[in-house]
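The values are calculated or read from the model by the stated rules, or taken from the named source; none is laboratory data. Not measured: the values here are computed from a predicted model. Cβ coordinates were reconstructed from backbone atoms using ideal geometry, including for glycine residues, and neighbour counts include every protein chain displayed. Areas reflect the complete protein model, heavy atoms only, side chains present, ligands, DNA and RNA absent. Shrake-Rupley method; radii C 1.70, N 1.55, O 1.52, S 1.80 Å.
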Amino acid sequence: MKTSQDPRHKKRQRLVQELFSIEFHQQTLSKDALAIWEQREFLDKEIQKVAPDFPVKKINRVDLAILRVAIYELLIDKKEPPNVVIDEAVELAKEFSNATSPGFINGVLGHLQKI
């Protein structure tokens, strides 16, 4: 993340917000969020592989949205270097979630990157 005004960071913020809110409200998603939402079963299986002690249904919904965006970028989209994606996900966790979330997000994505 170069700055909080970076267009890529703003896009990721919007995606996390959309994916979080779709969990609770019926709504129309943007093209990018819809692409991620349609892959959620695959993404959730990947999360479960690398974080078996944390059932997906029990993961904080904000953290889950961040993980889905990041894992989508890492495994499907592949437009950004992995370290950039992980750094952005940690920054989003600092911005949107609780104090333990950045470490959790970093650990899950770091483990995924090693596989």
Answer yes or no: is there a residue in segment 4-27 that is at pLDDT 95 or above, of a type in the set (A, V, I, L, M) and within 16 Å of residue 112 (Cβ to Cβ).
no
Which ones in segment 9-32 are surrounded by 13 or more Cβ atoms within 10 Å (Cβ to Cβ) and of a type in the set (Phe, Trp, Tyr)?
20
Hits in segment 30-81 (condition: assigned to a helix (DSSP H, G or I) and of a type in the set (Gly, Ala, Ser))
33, 35, 65, 70
So which residues in segment 19-29 are touching a residue at least 24 places away in the same chain (Cβ under 8 Å) and not in a loop (DSSP other than H, G, I, E, B)?
19, 20
Out of the residues in segment 90-115 that are part of a helix (DSSP H, G or I) and of a type in the set (Gly, Ala, Ser), which is surrounded by the most Cβ atoms within 10 Å (Cβ to Cβ)?
93
Can we say residue 55 is more than 10 Å from the chain's Cα centre (by Cα), surrounded by 13 or more Cβ atoms within 10 Å (Cβ to Cβ) and modelled with pLDDT of 95 or more?
no
Kindly indicate which of 87, 77 is open to solvent by 20 Å² or more (accessible area, probe 1.4 Å) and either in contact (Cβ under 8 Å) with a residue 40 or more places away in the chain or closer than 15 Å to residue 14 by Cα (or both).
87
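The rows are residues; the columns are (1) under 14 Å from residue 69 (Cβ atoms); (2) touching a helix residue (DSSP H, G or I) at 6+ places or on another chain (Cβ under 9 Å).
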position	(1), (2)
4	no, yes
11	yes, yes
14	yes, yes
26	no, no
33	yes, yes
47	yes, yes
52	no, no
